[in-house]
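Accompanying notes for the structure given below.
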Amino acid sequence: MKNIVITIARYYGSGGRTVGQMLAKDLGIGYYDKEILRLASEDSGINEALFANADEKLRGTQLFRIMRREYHGELIPPEGRDFLSNRNLFNYQAKVIEGLAQEESCVIIGRCADYILKDRENVMSVFVYASPAYCLQQAKLRGANGGRTTMKYVDEINKYRADYTKYYTGHDWNDVRNYDLCINSGKLGFEGTEQAIKDYIRVRFPDYENPNL
């Protein structure tokens, strides 16, 4: 197999992003998180700040409770009235994600990549979770939220991620049936979680050649 893509959705504080960085570094493949915003900006000609601002504006609003439509990827051209709409900004990010999956092996964090790429044979989707106590502890250790992390804040972030996914894709972020592999990082630790993903890659993609696997 020429290339594979590992998408990682994760509970806040579970270490999914850290595990993704470790995995990409050890396998010598690309790692994409917020870089997708920059790439979408370059592709669309839309200011990168608008992509980040679109996400922030949806936090705490009622928009997540309405207009839930399954993602189909249609792009609105620059002359279109809704060219700068949240939906179109999301679709440009999705276009970048699909391009990455076509061109290279990589790890993609969040951004609904598991859903966007769900029909591709070269993609495996991972969900990293842990107990609330573990997630809170890890968030505090990393100084998240300016060192003022509380359980309420952790719950709010997870709810936002679930709502974000539902709003843009109609997909249930918490449904384990939507992922190839779900791992409790609180039981395995970050290194053990990475190793579990590597083991799964070997079984799932036996034809994938990577000297670091």
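Quick notes on this one:
- Looking only at residues in segment 32-56 that are of a type in the set (D, E, K, R) and touching a residue at least 40 places away in the same chain (Cβ under 8 Å), the one that is most open to solvent (accessible area, probe 1.4 Å) is D43.
- Taking the criterion of being over 17 Å from V123 (Cα atoms) and either out of contact with any strand residue (DSSP E or B) (no Cβ under 7 Å at 6 or more places or on another chain) or basic (K, R) (or both), the residues of segment 11-27 that qualify are Y12, G13, R17, T18, M22, K25, D26.
- Residue within segment 9-31 that is assigned to a helix (DSSP H, G or I), among the aromatic types (F, W, Y) and surrounded by fewer than 23 Cβ atoms within 10 Å (Cβ to Cβ) present: no
- Answer residue from segment 150-194, given it is without any contact (Cβ under 8 Å) to a residue 40 or more places away in the chain and part of a loop (DSSP other than H, G, I, E, B) and is farthest from V5 (Cα to Cα) among those: T150
The values are calculated or read from the model by the stated rules, or taken from the named source; none is laboratory data. Just so you know, these numbers come straight off a predicted model, no measurement behind them. Every residue, glycine among them, receives a Cβ derived from its backbone with ideal geometry; neighbour counts consider all protein chains shown. Heavy atoms of the whole protein, side chains included, go into the accessibility calculation; ligands, DNA and RNA do not. Shrake-Rupley method; radii C 1.70, N 1.55, O 1.52, S 1.80 Å.
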